[in-house]
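Visitor: Here you go, one structure.
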Amino acid sequence: MTASAIRIRESSLDPATAVIDHTVPAGEPYLLRVQRGQTLRIVDLEGNQAVDVIFYNADDPAEHYSATETLLRQGGIYLTTGSVLYSDEAHPMLTIVADTCGRHDTLGGACAAESNTVRYALQKKFMHSCRDNYLIALQEADVGLGKRDLVPNVNFFMNVPVTADGQLTFADGVSAPGKYVELRAEMDILMLVSNCPQLNNPCNAYNPTPARFLVWNPV
Amino acid sequence: MEAHTITADTPSSAAAVDAPELWRQFAPDLAGRSVLFSELIPGGGHWSYVLPRGTTLRIAVLEDGANLSAVLYSAREKLERYNMPDSLKAQHTAHYTRGHVLMSDMGRALASITADSLGWHDPFGLLLDDARMAEKYGEQRYQAFRNGMFRSGRTGLLIEIGKYGLGKRDLIAPVNFFSKVTVDDEGRFAYVPGHAKAGDFVDLRFDMEVILAFSSAPHPLDPTPTYSPKRVGLALWRSGPAPADDYCRAFRPENARALHNSDMLYLA
């Protein structure tokens, strides 16, 4: 898979047959184990909600999703149908098998209190952030993961184009209410989610909203 | 009791250490500045330093087509490290040049680019590993080739950060100095050949005490068919920390805040 163009593909999976159907409220974390062969769907329920996700190998959480390995292997920066997410050990972790949004970001990272002081104002540091979500989810889970494991994440439903002259832009969202992305797990996965609470920029249209997670067993 | 006397065997002069002023070969304009050390990095070589705040590293291209994959960690708290996404989104950039700041995940400036002859250094963090290196160039291992063996950027960086107790999980996306990768409308990468020429250089000022680790192995998208990593020269001098009227502070308000956050670590 080399091209990174938008590739829309719908799924035939029926939510009624999902083994997990969980909605994460706006601004909250979620940690979920997904088995190899299972299919995971993330639904942008109300539109233009950034869902910040890091994947770990459930059997060896030191192995994590690698943005750089994924980008190098697909030769480009956007994720869509057909994109394979690789680990830092160059193992395929998940494959995007359906996508009604068409473009997901790999470069924008997750917001943090500290980066908010840089991007907006020093006094923004007490606002809630994705990094806080990640840290509390990992503290509570106590599975040997911590801050060093907070590597560059996937921002599902976010559009962060790079221009030909090397600028990083934050374009209007390509997502809309009900759009979803579906991934097949190629290994047992631990998925760390922050349903982004950022209020300082339009990544959530200034209104963070819930996101729905569904998991199906292999047929 | 007999007094000790200094004999001819006792090292007594600086000449006993083979630390020549290499910088005079590739950065003669630094004469008059307080150069602290200099080094020639062979192609594919790797090394690391702990470097204090207020020093500046001249990184000089000695042969056309050089690449230097570099990672930075706070020496004081190694959990604090260079963060590619935070740096790119804060500065709305997908390339680095003079004025840009390499930011940590804690909202601080680790280092600032205070001079640059090139105008573009690659921030996407792509790194050559052993498997890709073998697939692309074949194998050249130590037993047959001694120090002419092929070295990958990933292996070099893992060796270096290992010296500080950092492991694979801690290997972050590096900055690829001297390389240029553009992105088209579809998101596809294009490596720009012939970007860095001998004589090009970048100055990196350290705004915190950092661990800097690097490898001069080729960029993984470099289409050159043979393994031919290029040499790089390094010279560190005492520049002092960023002044109030610093170019990088004024470059963007985000950079002023990141440098402010670093200053707040050095109040004493």
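Derivation of every value follows stated rules applied to the coordinates shown; laboratory data play no part. Just so it is clear, the structure is predicted and the values come from calculations on it, not from any experiment. Heads up, the Cβs are rebuilt from the backbone with ideal geometry, glycines too, and the neighbour counts pull from every protein chain shown.
Visitor: Normalised by the number of residues in chain A, what is the relative contact order in percent for Cα pairs under 8 Å and 6+ residues apart?
Guide: RCO, chain A: 42 percent.
Visitor: If we count every other residue with Cβ under 10 angstrom of B:Cys248's Cβ, Lys/Arg +1 and Asp/Glu -1, where does the sum land?
Guide: Taking every other residue near B:Cys248 into account, the sum is +2.
Visitor: Continuing with the same structure: Report the paramagnetic label zone for B:Gln25: residues of the stretch B:196-236 whose backbone N is under 12 Å from a point 7 Å from Cα along the Cα-to-Cβ axis.
Guide: Label zone hits: B:231-234.
Visitor: Would you work out the relative contact order for the stretch A:105-219, in percent, from Cα pairs under 8 angstrom that are 6 or more residues apart?
Guide: Rounded, it is 26 percent for the stretch A:105-219.
Visitor: Right, another one. At 7 Å along the Cα-to-beta-carbon direction for both B:Met264 and A:Asn217, put a label point, then send me their distance in nm to one decimal.
Guide: For the pair B:Met264/A:Asn217, the computed spacing is 5.2 nm.
Visitor: A follow-up question, please. Quick one: go through the stretch B:201-235 and flag any residue whose amide nitrogen is under 20 Å from the point 7 Å out along the Cα-to-Cβ line of B:Gln140.
Guide: Residues B:215-233 qualify, since their backbone N sits under 20 Å from the label point.
Visitor: Ranking B:Met103, B:Met149, B:Met133, B:Met208 by Cβ neighbours within 10 Å, fewest first, what do you get?
Guide: Starting with the residue having the fewest Cβ neighbours, the order is B:Met149, B:Met133, B:Met208, B:Met103.
Visitor: Shifting gears a bit: Distance between the C-alpha centers of the stretch B:61-108 and the stretch B:247-268? Whole Å please.
Guide: The stretch B:61-108 and the stretch B:247-268 have Cα centres separated by 15 Å.
Visitor: Next up: Per DSSP H run of at least 4 residues, take -39500 (n - 2.57); add these up for chain B, divide by its residues and hand me the 222 nm value, nearest 500 deg cm²/dmol.
Guide: Rounded to the nearest 500, the figure is -4500 deg cm²/dmol.
Visitor: Chain A: Rg/Rh from Cα coordinates, Kirkwood Rh?
Guide: A ratio of 0.93.
Visitor: How well do other chains shield peptide B:256-265, expressed as the mean number of their Cβ atoms within 10 Å of each residue Cβ?
Guide: What the average comes to for B:256-265 is 2.
Visitor: Averaged over peptide A:109-117, how many Cβ atoms belonging to another chain are found within 10 Å of each residue's Cβ?
Guide: Across A:109-117, the average partner-chain Cβ count within 10 Å equals 6.
Visitor: Just want to confirm a number: the relative contact order over the stretch A:31-131, from Cα pairs under 8 angstrom separated by 6+ residues, in percent.
Guide: It rounds to 18 percent for the stretch A:31-131.
Visitor: A further question follows. Only sites in a loop by DSSP and with at most 12 other Cβ atoms within 10 Å count here; which chymotrypsin sites (Phe, Trp or Tyr not before Pro) in the stretch B:219-268 make the cut?
Guide: B:Tyr266
Visitor: Taking beta carbons within 10 Å but only from partner chains, what does the mean come to for residues B:93-100?
Guide: Partner-chain Cβ atoms within 10 Å, mean over residues of B:93-100: 3.
Visitor: Right, another one. What is the distance in Å between the Cα centres of the stretch A:65-98 and the stretch A:165-219?
Guide: Between the Cα centres of the stretch A:65-98 and the stretch A:165-219 lies a distance of 16 Å.
Visitor: Mind giving me the FRET efficiency for B:Glu63 and B:Asp18? R0 is 22 Å, r the Cβ-Cβ distance, nearest 0.05 is fine.
Guide: So the FRET efficiency works out to roughly 0.45.
Visitor: Would the stretch B:35-263 count as rounded, prolate or oblate if I go by the C-alpha gyration tensor, calling it rounded below 1.5 in a/c and otherwise prolate when a/b exceeds b/c, oblate otherwise?
Guide: Prolate shape, in that a/c is at least 1.5 and a/b is the bigger ratio.
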